[in-house]
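*Asks:* First, the structure itself, so that you have it in front of you.
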């Protein structure tokens, strides 16, 4: 086992050690998500973490994935599994007894975790570029998620150790003290969420500029190629006018675009772990299924895309997913949605994510509902139905701009009253 000093002295030693345990120039661990089990009468994707070479599954990581099965959607379980793969990559190189100690109810080396593993969680991967190691770092939110994944893994193992009837009071007391020390390390190494302001709703001016730029004929359109321009315009309308999630967009089928008695709608439908979906990272609809009205413009551009443009990629004829890769015809990936929408950021001069559309629609809906004379309860109820939320607490997370606007109006009114007097 390497010493802490070697980790601190040269960051490159971390990469050298982690490269030494790679298998076929890849992380030593991988997720096998091809297994499916019958649960509640349906098929469920169950990610299993295994060693790439030995094919042996780590015990604790997989127990944690199994126990989080009912609490997390399949996409979230895949993310958690990916975090565990990254953690175990480092422990294979620097702390090979990590899991064995936890299984025995012992706390791993706290100093190594603090000075080595925590630092490794900031790194995205190891790549080869011109025969040298290139360092890449993940965003704050991903890093925080990794810290919490490590903390949950250790906490679950130590909970079992504390509950062990064969442990003496002295042993249990020692475990609790060491656990508290680890908790302090984890808490002190978490960062504030990244780019909080960038996830706020767009202003009306920004929204109109974004929608105008997304039109295929616009001089500001950032996309290259005929198919991406035609495909990305209805995608933008659905995200920034209907407020659907990225996963809901990527999971839509052609027959989810509906015409009922002359009115036009889209259907947001939950299809967890769909056997027809060839994507390794399947999109997930986390909210309730619903049917939403769409404008005649959205209907028209969707029909043009479905009938004229989508079939131009032959592989798109082999499945019914609505939005497809312009190059391969396969169902469009979540990263493909991200990349397409991110390019609109060049027009606005700020970073743009698909989820900003949901924030924008939520804020605008509340403002319009109040202008129409709806009560606060009616406005919130309508927004919950629109977004497919069960809990009213979700409303608070998506309406910061509208709350700030209301606050500012009240404050200005109060100031005018004070100074006029």
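Each value in this text was obtained by applying a stated rule to the coordinates, not by laboratory testing. Since the model is a prediction, treat every value here as computed from it, not as a measurement. Glycine gets a Cβ as well: all are built from the backbone with ideal geometry, and neighbour counts include every protein chain shown.
*Asks:* So if we plug the beta-carbon distance of residue 181 and residue 307 into 1/(1 + (r/R0)^6) with R0 = 41 Å, what FRET efficiency do we get, rounded to 0.05?
*Replies:* Working from the Cβ atoms, E equals 0.05.
*Asks:* Set the Förster radius R0 to 30 Å, insert the Cβ-Cβ distance between residue 72 and residue 220 as r into 1/(1 + (r/R0)^6), and round the FRET efficiency to 0.05.
*Replies:* For residue 72 and residue 220, the calculated efficiency is 0.15.
*Asks:* A follow-up question, please. Which FRET efficiency value, to the nearest 0.05, is calculated for residue 191 and residue 110 with the Förster distance at 22 angstrom and r the Cβ-Cβ distance?
*Replies:* So the FRET efficiency works out to roughly 0.60.
*Asks:* Arrange the following residues from fewest to most other Cβ atoms within 10 Å of their Cβ: 205, 23, 347.
*Replies:* 205, 23, 347
*Asks:* Stretched out fully, how many nm does the piece from residue 376 to residue 205 gain, at 0.36 nm a residue minus the Cα gap?
*Replies:* Values: separation 171, 0.36 × 171 = 61.56 nm, distance 2.57 nm.
In short, 59.0 nm is gained.
*Asks:* Where the centroid of each part is defined by its Cα atoms, how far is the range 234-256 from the range 60-115 in Å?
*Replies:* Here the two parts' Cα centres lie 35 Å apart.
*Asks:* Based on the alpha carbons, how large is the Rg to Rh ratio for the range 197-360 when Rh follows Kirkwood? Intermediate values should be presented prior to the final figure.
*Replies:* Working: Rg = 14.9 Å, Rh = 16.0 Å.
Value, to two decimals: 0.93.
*Asks:* So for each of 274-280, 352-358 I average, over its residues, the number of other beta carbons within 10 Å; can you give me the resulting order with the highest mean first? Intermediate results must be reported in sequence, preceding the final value.
*Replies:* Details: 274-280: 13.1, 352-358: 22.1.
Ranked from most to least packed, the peptides come out as 352-358, 274-280.
*Asks:* Mind sorting 168, 325 by how few other Cβ atoms lie within 10 Å of their own Cβ, fewest first? The partial results should precede the final answer.
*Replies:* Values: 168 9, 325 17.
Listed from fewest to most nearby Cβ atoms, that is 168, 325.
*Asks:* What list do you get for 103, 237, 211 if you sort them by fewest beta carbons within 10 Å?
*Replies:* On the way: 103 14, 237 21, 211 18.
Least to most surrounded, the residues fall as 103, 211, 237.
*Asks:* Roughly what percent of Cα-Cα pairs across the range 214-288 reach past 19 Å?
*Replies:* 47
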